[in-house]
Amino acid sequence: MLRLLFAIFVLSAALATPAVAGDRRVRDLGIKIGVLAPGPLNAITDVAGVRVGHLTIERGQRIHTGVTAIVPAGGNLRQAPLPAAVHVGNGYGKLAGATQIEELGEIETPIVLTNTLDVADAIAGIVDWTLAQPGNGDVRSVNAIVGETNDGYLNDIRARVVRAADVRRAIRMARAGPVGEGAVGAGTGTVAFGWKGGIGTASRILPPALGGYRVGVLVQTNMGGILVVDGVRVGEALGRYYLKDQVAAHDQSGDGSIMIVLATDAPLSDRNLRRLAKRAIAGLARTGASMTNGSGDYVIAFSTSDRVRRVASDGPRTILDLPNNAMSPLFQAAAEATEEAILDSLFLARDVRGHRGFVEALPVDEVMRLWRQAKGQEGRG
């Protein structure tokens with residue numbers, strides 16, 4: 001009972017976390033990634049219908065982990081799936097549900113992110129939630145989608161503290177609106193580029209002449225490399241990066257993982273969603289990620305458009321699908337939003353002393369000094 005009350009308290013606090021923590025988001029500090037405009041929230045929830053819920057589990061120094069649930073649309077997802085695709089940058093990971101997405105080109109459940117050893121319980125939570133939905137009384141198969149990164153440095157991952165009930169609760173509490181970022185939910189115990197990683201999100205809106213479509217991204221960052229902020233080689237300047245001769249006690253290798261969830265309201269087929277997912281890797285690369293042998297780099301992309309949403313039918317149906325030559329602006333949006341979401345996950349993180357050691361947050365003031373110097377803005381506030 002005590003554990004349940006604690007989890008509810010932490011979940012409520014995480015859900016209440018605004019998308020902007022003071023002035024620490026990169027855009028609020030003057031760093032404008034790309035050329036396209038962000039949505040009103042600059043979050044994945046700028047794509048109508050998308051909801052996000054975090055459950056953060058922290059117990060003293062030993063446990064720092066959690067769950068992030070992305071509910072892609074309203075209605076019964078099992079009965080009316082959304083077109084979707086997966087792209088694998090490097091496949092050292094355990095993305096549950098990927099093969100059926102590859103085969104059918106659709107998602108039929110919420111997407112849940114957690115830590116590596118709690119994937120099984122996350123699957124159970126999604127299955128429980130799906131079977132309980134009205135209209136699913138005869139359902140005997142559920143393709144639960146669970147992504148993970150390994151938070152085993154800050155979190156005692158072998159304790160496997162995430163339960164199916166935690167996942168169900170995160171899904172039920174998912175909301176539209178601002179999204180908590182930094183060390184929350186599935187990002188509570190992650191490390192990126194040698195600093196504290198976490199959850200980040202961003203969005204882009206195409207100009208009306210290009211359809212006005214929206215692209216939103218949410219990331220769980222836990223990867224390595226040589227951090228680059230808006231073209232500035234910050235990791236190298238601060239002396240913390242992959243392949244440096246001497247590294248600190250905590251792992252600064254290039255190994256690690258990132259989960260990227262990409263939503264759009266553009267009416268896209270699963271084939272073009274796969275193409276869109278590939279462009280998120282361009283945003284990842286711009287931040288300096290190494291995508292090494294031990295890195296799991298995954299993108300899940302889906303469309304919320306009613307014009308392409310699947311329905312239960314044995315007969316043909318007509319859908320409105322954007323042509324190939326309309327995709328390039330969406331590609332740009334995906335790359336920009338991914339890059340900014342990754343940076344926000346770092347800028348909004350906090351110092352964490354965990355199971356195996358201490359990981360400090362990115363020194364934002366020093367990063368901004370380096371950025372202003374590189375951009376010829378030194379001396380500006």
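Where a number appears in this text, it was derived from the coordinates with a stated rule and is not lab data. Here the structure is a predicted model, which is why all the values come from computation and not from measurement. Here the Cβ positions follow ideal geometry from the backbone for every residue, glycine too, while neighbour counts run over all protein chains shown.
Taking each full run of DSSP H in the chain as one helix, which ones are at least 20 Å long along their axis (Cα atoms) and have mean Kyte-Doolittle hydropathy of at least 0.5?
2-16
Do you know the relative contact order of segment 2-374, to the nearest whole percent, from alpha carbon pairs under 8 angstrom that are 6+ apart?
Normalised by residue count, the contact order of segment 2-374 is 24 percent.
Please get the size of the charge dipole for segment 264-367, origin at its Cα centre, with Cβ charges of +1 on Lys and Arg and -1 on Asp and Glu, quoted in debye to the nearest 20.
Charge dipole of segment 264-367: 540 debye, to the nearest 20.
Order the peptides 153-160, 207-214 from the highest to the lowest mean number of other Cβ atoms within 10 Å of their residues.
Numbers: 153-160: 19.2, 207-214: 14.2.
The most tightly packed comes first, giving 153-160, 207-214.
Could you list GLU58, GLU236 in order of exposure, starting from the residue whose Cβ has the fewest other Cβ atoms within 10 Å?
Listed from fewest to most nearby Cβ atoms, that is GLU236, GLU58.
Using only the Cα atoms of the chain, build the gyration tensor, take square roots of its eigenvalues as a ≥ b ≥ c, and label the shape rounded, prolate or oblate: rounded if a/c is under 1.5, else prolate if a/b is larger than b/c, else oblate.
Verdict is oblate for the chain.
Can you give me the Kirkwood hydrodynamic radius for segment 267-336, using every pair of distinct Cα atoms, in Å to one decimal?
Details: mean 1/r = 0.0722 Å⁻¹.
By the Kirkwood definition, the hydrodynamic radius is 13.9 Å.
So if R0 is 25 Å, what FRET efficiency would ARG59 and ASP351 give, r being the distance between their Cβ atoms, rounded to the nearest 0.05?
Working: r = 17 Å, r/R0 = 0.70.
The computed FRET efficiency comes out at 0.90.
Evaluate the charge dipole of the chain about its Cα centre and quote only its size in Debye, nearest 20, assuming +1 on the Cβ of each Lys and Arg and -1 on the Cβ of each Asp and Glu.
Using Cβ point charges on Lys, Arg, Asp and Glu, the chain gives about 340 debye.
Can you tell me the length gained on complete extension of the stretch SER269 to ARG172, counting 0.36 nm per residue apart and subtracting the Cα distance?
Length gained between SER269 and ARG172: 32.1 nm.
How much net charge surrounds PRO81 when only other residues with a Cβ under 10 Å from its Cβ are counted (Lys, Arg +1; Asp, Glu -1)?
Within the 10 Å Cβ shell, the charges total +1.
Subtract the Cα-Cα distance of ALA37 and PHE358 from 0.36 nm times their separation in residues, and report this length gain in nm to one decimal.
Details: separation 321, 0.36 × 321 = 115.56 nm, distance 3.68 nm.
Once the chain is fully extended between ALA37 and PHE358, it gains 111.9 nm.
Which number do you get for Rg(Cα) / (2.2 N^0.38 Å) in segment 273-381?
1.54
Hey, can you rank 105-112, 190-197, 354-361, 163-170 by average C-beta count inside 10 Å, highest first?
With the highest mean Cβ count within 10 Å placed first, the list reads 190-197, 105-112, 163-170, 354-361.
How would you rank 37-47, 310-320, highest first, on the average number of other Cβ atoms within 10 Å across their residues? Could you put the intermediate results ahead of the total?
Values: 37-47: 22.1, 310-320: 8.3.
With the highest mean Cβ count within 10 Å placed first, the list reads 37-47, 310-320.
Please count, across the chain, the pairs of lysine residues with Cα atoms under 27 Å apart that sit 8 or more places apart or on different chains.
Eligible lysine pairs with Cα atoms under 27 Å apart amount to 9.
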